[in-house]
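Notes to accompany the following structure.
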Amino acid sequence: MLIDAHVHLDRYGDLLDAALNEIESERIFTVATAMDVPSYLELQKIGARSDLVLPTFGIHPRRAGEYANRLSDIGRYIEMSPAIGEIGLDFHWVKDSSTYPAQKKVLEYFIAAAAEQNKFVNLHTKAGEKEILDLLEKYDVRRAIIHWYSGPMDILRAMIEYGCYFTIGVEVLYSDYIKEIAKAVPDHLLLTETDNPGALRWLKKNEEVGMPSAIKTVVNKVAELRQSTPENITRLVHTNFCRVIAGDSRLNRFVSLFSPASSLSTE
């Protein structure tokens, strides 16, 4: 089964039905990450429409300022969510440094909750890589997915040593640096994503809406870079994601989807 470990399904608008149809027809297990509370509530409705969609709650660093002083209000959403994401730090694209303390406060609240509730986390790390690794170590959060890593290679190696998983996404089609990261991530920590619908539009500076089947293009490129095959990369990512969710009672309803046979299909 194909794995898209980071998607914003609530942003498809009028194309949502088409996106869900692609997810079903291509058999793409999809981790639907939230940006804030309204986003998560919408994702819960979307998740009810497909067994292949896992809605997760998080507060994106761009939205942290709206929630930093009312963290108790989001505790119940953390409790109800089977996993956490999208959370993190962004000191690169967010230029207003006055927001950084709020980002750190919100992130630590989520990391502490993930540790207490033993949930996997889906992390945005732009220019906050070292701070995020420090928090993972502080709270001993071991099931961490690093989304679209583009940071320093020395921190990449430290995160690999810690055991973080890394998603390779659509930027691997365009960026030489991301291609190097795609080759550097060890087999046992490799995952795939699209970050669609907006990632392709952002990269190509046009109005293209990235659809779920773009994950197949990512898999093909990763296979080429790692001198492998799409079938092997699909199987590898499938196995790795199974390890992420293994033994997690909150995710039991998805376990049957990950039978050995389902890892073989890339069609």
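Mind checking which residues of region 16-40 are of a type outside the set (D, E, K, R) and touching a Lys or Arg at 6+ places or on another chain (Cβ under 8 Å)? Give the derivation first.
Step one: of region 16-40, the residues of a type outside the set (D, E, K, R) are 16, 18-21, 23, 25, 28-35, 37-40.
L20, M35 - these are the residues of region 16-40 that are of a type outside the set (D, E, K, R) and touching a Lys or Arg at 6+ places or on another chain (Cβ under 8 Å).
For beta carbons closer than 8 Å, sequence separation of 6+ or different chains, a first residue in region 31-59 that is under 19 Å from S213 (Cα atoms) and part of a strand (DSSP E or B) and a second that is at pLDDT below 95 and open to solvent by less than 10 Å² (accessible area, probe 1.4 Å), the qualifying pairs are L54/L251; L54/F254. Any residue at all in region 54-63 that is under 22 Å from I245 (Cα atoms) and of a type in the set (A, V, I, L, M)? Yes: one or more hits. Let me spell it out: the conditions are (1) touching a Leu at 6+ places or on another chain (Cβ under 7 Å); (2) of a type in the set (A, V, I, L, M); (3) over 20 Å from N240 (Cα atoms); (4) surrounded by fewer than 20 Cβ atoms within 10 Å (Cβ to Cβ), and A158 meets all of them except one. Which number is the exception? Checking A158 against (1) touching a Leu at 6+ places or on another chain (Cβ under 7 Å); (2) of a type in the set (A, V, I, L, M); (3) over 20 Å from N240 (Cα atoms); (4) surrounded by fewer than 20 Cβ atoms within 10 Å (Cβ to Cβ), the one that fails is (3).
Yes/no matrix, rows are residues, columns are (1) of a type in the set (D, E, K, R); (2) modelled with pLDDT of 95 or more; (3) over 30 Å from S72 (Cβ atoms):
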{"site": "I146", "(1), (2), (3)": "no, yes, no"}
{"site": "M159", "(1), (2), (3)": "no, yes, yes"}
{"site": "E171", "(1), (2), (3)": "yes, yes, yes"}
{"site": "L203", "(1), (2), (3)": "no, no, yes"}
{"site": "L225", "(1), (2), (3)": "no, yes, yes"}
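I need the full set of residues from region 1-19 which are open to solvent by less than 10 Å² (accessible area, probe 1.4 Å) and part of a helix (DSSP H, G or I), in order please. Residues satisfying the conditions are L9, A19. Does K216 satisfy the condition of being open to solvent by 10 Å² or more (accessible area, probe 1.4 Å), among the charged types (D, E, K, R), under 27 Å from D10 (Cβ atoms) and more than 17 Å from the chain's Cα centre (by Cα)? Criteria not met by K216.
Which residues, counting only those in region 151-168, are in a strand (DSSP E or B) and either more than 16 Å from L135 (Cα to Cα) or polar (S, T, N, Q) (or both)? If the condition is that a residue be in a strand (DSSP E or B) and either more than 16 Å from L135 (Cα to Cα) or polar (S, T, N, Q) (or both), then F166, T167, I168 are the ones that fit. For N118, the conditions (1) within 19 Å of P82 (Cβ to Cβ); (2) surrounded by 17 or more Cβ atoms within 10 Å (Cβ to Cβ); (3) of a type in the set (S, T, N, Q) all hold with the exception of (2). Considering V222, V237, the condition of being touching a residue at least 40 places away in the same chain (Cβ under 8 Å) and either among the small types (G, A, S) or closer than 16 Å to T30 by Cβ (or both) is satisfied by V237 alone. The set of residues from region 25-41 being of a type outside the set (S, T, N, Q) and within 17 Å of R76 (Cα to Cα) comprises A34, M35, D36, V37, P38, Y40, L41.
Looking across region 27-80, just one residue is among the acidic types (D, E) and at pLDDT below 95, and that is D73.
Do we have L89 as part of a strand (DSSP E or B) and over 22 Å from R62 (Cα atoms) here?
Values: part of a strand (DSSP E or B): yes; over 22 Å from R62 (Cα atoms): no.
Here the answer is no, as L89 does not meet what is asked.
For region 127-168, filtering for residues that are of a type outside the set (D, E) and over 20 Å from A32 (Cα atoms) leaves 23. Contact map, region 109-136: first residue in a loop (DSSP other than H, G, I, E, B), second residue open to solvent by less than 30 Å² (accessible area, probe 1.4 Å) and β-branched (V, I, T), Cβ cut-off under 8 Å, separation 6 or more or different chains; pairs are K119/I84; F120/I84; F120/I145; F120/V244; F120/I245. Inspect region 20-39 for any residue being aromatic (F, W, Y) and open to solvent by less than 10 Å² (accessible area, probe 1.4 Å) and give the result as yes or no. Yes: one or more hits.
Among the candidates G75, G88, G58, single out the residue that is at positive phi and open to solvent by less than 60 Å² (accessible area, probe 1.4 Å).
Working: G75 fails: at positive phi; G58 fails: at positive phi.
So the residue among G75, G88, G58 that is at positive phi and open to solvent by less than 60 Å² (accessible area, probe 1.4 Å) is G88.
Going residue by residue through region 168-186, is there one that turns out to be touching a Lys or Arg at 6+ places or on another chain (Cβ under 6 Å), under 24 Å from N21 (Cα atoms) and open to solvent by 10 Å² or more (accessible area, probe 1.4 Å)? Checked against the condition, which is being touching a Lys or Arg at 6+ places or on another chain (Cβ under 6 Å), under 24 Å from N21 (Cα atoms) and open to solvent by 10 Å² or more (accessible area, probe 1.4 Å), region 168-186 yields no hits at all.
The values are calculated or read from the model by the stated rules, or taken from the named source; none is laboratory data. If you're wondering where the values come from, they're calculated on a predicted model, not measured in any experiment. Reconstructed Cβ throughout: ideal geometry from the backbone, glycine too, with neighbour counts over all protein chains shown. Keep in mind that these areas ignore ligands, DNA and RNA; they rest on the heavy atoms of the full protein, side chains included. Shrake-Rupley method; radii C 1.70, N 1.55, O 1.52, S 1.80 Å.
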